[in-house]
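One structure is given here, and the rest of the page talks about it.
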Amino acid sequence: MSRLDRSALDRAGWQLLHRALDPARVDRLRQAFTTPDGSGTEHVAISDTTPAADEWRALAEHPLLVAAATHVLGDTFHVRDAHGRNPRPGHGQQGLHADWKALAPGEPFMVLTALWLLDDFTIENGATRLVPGTHLFCRPVPRPDAQPHAHHPDERIVTGPAGSLLVLNGHLWHSGRQNRSQGPRRAVQMIVMRGPG
């Protein structure tokens, strides 16, 4: 399992942590997704009837997530939302966006975003793009619906194997990309907020 690099999280605003989940756990989490022959982006809500629901909920206590959230948000935080997301072939393109409004100088960070990769994230299947360092900007992000295909000169596409955890400061500019493969791009997406739940 990778170790959290707090200085990279401060400076760049993100880190990809390999081997956060073992293959058996990845397989159990995948059970909540349906077959990949539908259209659009599949969203999986977590309830008591979700296959492996306990496994999904336990992700909130994973030591890598807790370490990243504590570093970015402080000692008190909560998971506001956790769901499965699977942009099927031909879908998934987003405009660059942040998961919180722009901060005034001196305001604390309010949100951490986590993606648990349940499939390999590749160039072809639309791996997440992000713009390192933009969490430090005190200005609004471009509108998420504006020019979603536009390329940012500093963007980086984050590829990695299934079982990895991508943590990013929720104020960082990021987006999904179009899945141009013939397979799924399943992930668990979590929004972690500063303060008590």
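The values are calculated or read from the model by the stated rules, or taken from the named source; none is laboratory data. On a predicted model such as this, the values are computed, not experimentally measured, just so you know. Backbone-built Cβ (ideal geometry, glycine too); neighbour counts: all protein chains shown.
Is one or more of the residues making up the stretch 26-48 among the hydrophobic types (A, V, I, L, M, F, W, C), modelled with pLDDT of 95 or more, under 20 Å from residue 130 (Cα atoms) and touching a Leu at 6+ places or on another chain (Cβ under 8 Å)?
Within the stretch 26-48, none of the residues are among the hydrophobic types (A, V, I, L, M, F, W, C), modelled with pLDDT of 95 or more, under 20 Å from residue 130 (Cα atoms) and touching a Leu at 6+ places or on another chain (Cβ under 8 Å).
Is at least one residue of the stretch 64-73 part of a helix (DSSP H, G or I), in contact with a Phe, Trp or Tyr (Cβ under 7 Å, 6 or more places away or on another chain), touching a residue at least 24 places away in the same chain (Cβ under 8 Å) and under 17 Å from residue 163 (Cα atoms)?
The first filter runs over the stretch 64-73 and keeps only residues part of a helix (DSSP H, G or I), leaving 64-73.
Next, only the ones that are in contact with a Phe, Trp or Tyr (Cβ under 7 Å, 6 or more places away or on another chain) stay: 69, 72-73.
Imposing the further condition that a residue be touching a residue at least 24 places away in the same chain (Cβ under 8 Å) reduces the set to 69, 72-73.
Adding the requirement that they be under 17 Å from residue 163 (Cα atoms) leaves none.
No, every residue in the stretch 64-73 fails to be part of a helix (DSSP H, G or I), in contact with a Phe, Trp or Tyr (Cβ under 7 Å, 6 or more places away or on another chain), touching a residue at least 24 places away in the same chain (Cβ under 8 Å) and under 17 Å from residue 163 (Cα atoms).
Name the residues in the stretch 63-87 that are surrounded by 20 or more Cβ atoms within 10 Å (Cβ to Cβ) and not hydrophobic (A, V, I, L, M, F, W, C), would you?
Result: 84, 86, 87.
Is there any pair linking a residue in the stretch 104-115 that is over 15 Å from residue 74 (Cα atoms) to one that is assigned to a loop (DSSP other than H, G, I, E, B) and not hydroxyl-bearing (Ser, Thr, Tyr), with Cβ under 8 Å and at least six apart or on different chains, and which?
Matching pairs, first to second residue: 104/138; 105/138.
Is it the case that residue 162 is modelled with pLDDT under 95 and either under 30 Å from residue 33 (Cβ atoms) or surrounded by fewer than 18 Cβ atoms within 10 Å (Cβ to Cβ) (or both)? Steps first, please.
On the way: modelled with pLDDT under 95: no; either under 30 Å from residue 33 (Cβ atoms) or surrounded by fewer than 18 Cβ atoms within 10 Å (Cβ to Cβ) (or both): yes.
The answer is no for residue 162.
Here are some conditions: (1) surrounded by 14 or more Cβ atoms within 10 Å (Cβ to Cβ); (2) among the hydroxyl-bearing types (Ser, Thr, Tyr); (3) assigned to a helix (DSSP H, G or I). Residue 7 meets all but one. Which one does it not meet?
Tallying (1) surrounded by 14 or more Cβ atoms within 10 Å (Cβ to Cβ); (2) among the hydroxyl-bearing types (Ser, Thr, Tyr); (3) assigned to a helix (DSSP H, G or I), residue 7 fails exactly one: (1).
If you check 24, 45, 104, which single one turns out to be loosely packed, with under 12 Cβ neighbours inside 10 Å and farther than 24 Å from residue 175 by Cα?
Details: 45 fails: farther than 24 Å from residue 175 by Cα; 104 fails: farther than 24 Å from residue 175 by Cα.
Result: 24 is the single residue among 24, 45, 104 that is loosely packed, with under 12 Cβ neighbours inside 10 Å and farther than 24 Å from residue 175 by Cα.
Exactly one condition in (1) in contact (Cβ under 8 Å) with a residue 24 or more places away in the chain; (2) more than 16 Å from the chain's Cα centre (by Cα); (3) in a loop (DSSP other than H, G, I, E, B) is false for residue 28; which is it?
(3)
Pairs please, first residue from the stretch 75-92 and closer than 12 Å to residue 176 by Cα, second anywhere and aliphatic (A, V, I, L, M) and buried (at least 16 other Cβ atoms within 10 Å of the Cβ), Cβ atoms under 6 Å, 6+ apart in sequence or on different chains.
Every condition considered, the pairs that remain are 85/187.
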